[in-house]
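Engineer: My questions all concern the structure below.
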């Protein structure tokens, strides 16, 4: 099992460009999450999907959209990137209920 | 406002020392508190706590939760250089799936 995978590993964008971060899990998990991690801020939840076909806003959803493509895949889209979106983005998944999340390796995004 | 606060922000100790990391929280409809270790990449799971007063233990690491005083501690005994990492505390609240993370404690263990 690969667990949670993310692509790309690193990306540089110019202000105003768009891009999609991809996440996939092979653990048959129901719930998936997108976080951003900034220095001194800890991880902050952007969006989550409790199950296939549903998505909900987290703590910091502005400037992002998500798609739960199927049970395995959950993508995060930046329509018009801003320097404030420079961050490390982590995807995570879990079965649901009271258990931990499993994190992907992260995507480092730099917006110039 | 829901929040999770960890202390200290950073800690430098020598191998063999014992450390205690703190996590306090104010989160609506508490469901669980989790501890993670983050080295250079993704956080890895250490413990999940849901009940007060029950210690979770794994090797040299242990953790306990106090739901009345709204805090948890993570203890590491006989520290090793491999324990150097950022330790993250997270609390799940609301209807579930809303996780709030602290900023982490950066631990450096010197040989």
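Engineer: For segment A:66-112, max minus min Cα coordinate along each principal axis, in Å, sorted largest first?
Structural biologist: 39, 20, 15
Engineer: Across peptide B:95-105, how many C-beta atoms of other chains are within 10 Å of each residue C-beta, on average?
Structural biologist: 6
Engineer: Rg (Å, one decimal) plus Dmax (Å, integer) for the alpha carbons of segment A:2-82?
Structural biologist: According to the Cα coordinates of segment A:2-82, Rg and Dmax are 12.7, 36 Å.
Engineer: Another question about this same structure. How many Cβ atoms of partner chains, on average, are near each residue of A:95-102 if near means within 10 Å of its Cβ?
Structural biologist: Counting other chains' Cβ atoms within 10 Å and averaging over A:95-102 gives 5.
Engineer: At what distance in angstrom do the alpha carbon centres of segment A:80-112 and segment B:68-102 lie from each other?
Structural biologist: Result: 18 Å between the Cα centres.
Engineer: Say each of residue B:17 and residue A:28 gets a label point 7 Å from the Cα, pointing the same way as Cα to Cβ; how far apart are those two points in nm?
Structural biologist: About 4.6 nm separates the two model spin labels.
Engineer: Any idea how far apart residue B:51 and residue A:73 come out in nm if each label point goes 7 Å out from Cα toward Cβ?
Structural biologist: The answer from the label model is 4.3 nm.
Engineer: Still on this model: Could you work out the relative contact order of segment B:1-106, using alpha carbon pairs under 8 angstrom and six or more residues apart, expressed as a whole percent?
Structural biologist: 37
Engineer: How would you rank B:14, A:29, going from fewest to most other Cβ atoms within 10 Å of each one's own Cβ?
Structural biologist: Ordered from fewest to most neighbouring Cβ atoms within 10 Å, B:14, A:29 come out as B:14, A:29.
Engineer: Modelling each spin label as a point 7 Å along the Cα-to-Cβ direction, I'd like the residue B:70/residue A:20 distance in nm, to one decimal.
Structural biologist: 4.1
Engineer: Follow-up question, since we're still on this one. Share of antiparallel DSSP beta bridges in segment A:3-112, in percent to the nearest 5?
Structural biologist: 90
Engineer: For peptide B:31-39, what's the mean number of Cβ atoms from other chains within 10 Å of each residue's Cβ?
Structural biologist: 2
Engineer: In Å, what Rg and Dmax follow from the Cα atoms of the protein assembly as shown?
Structural biologist: Over the protein assembly as shown's Cα set, Rg and Dmax evaluate to 17.5, 51 Å.
Engineer: Report, largest value first, the span of the C-alpha coordinates of chain B along each principal axis, in whole Å.
Structural biologist: Extents along the principal axes, in whole Å: 44, 27, 20.
Laboratory data are not the source of any read-out in this text; all were calculated from the coordinates shown. Predicted model only: the values in this text are computed from it and were never measured. With ideal geometry, Cβ positions are generated from the backbone for all residues, glycine too; neighbour counts draw on all protein chains shown.
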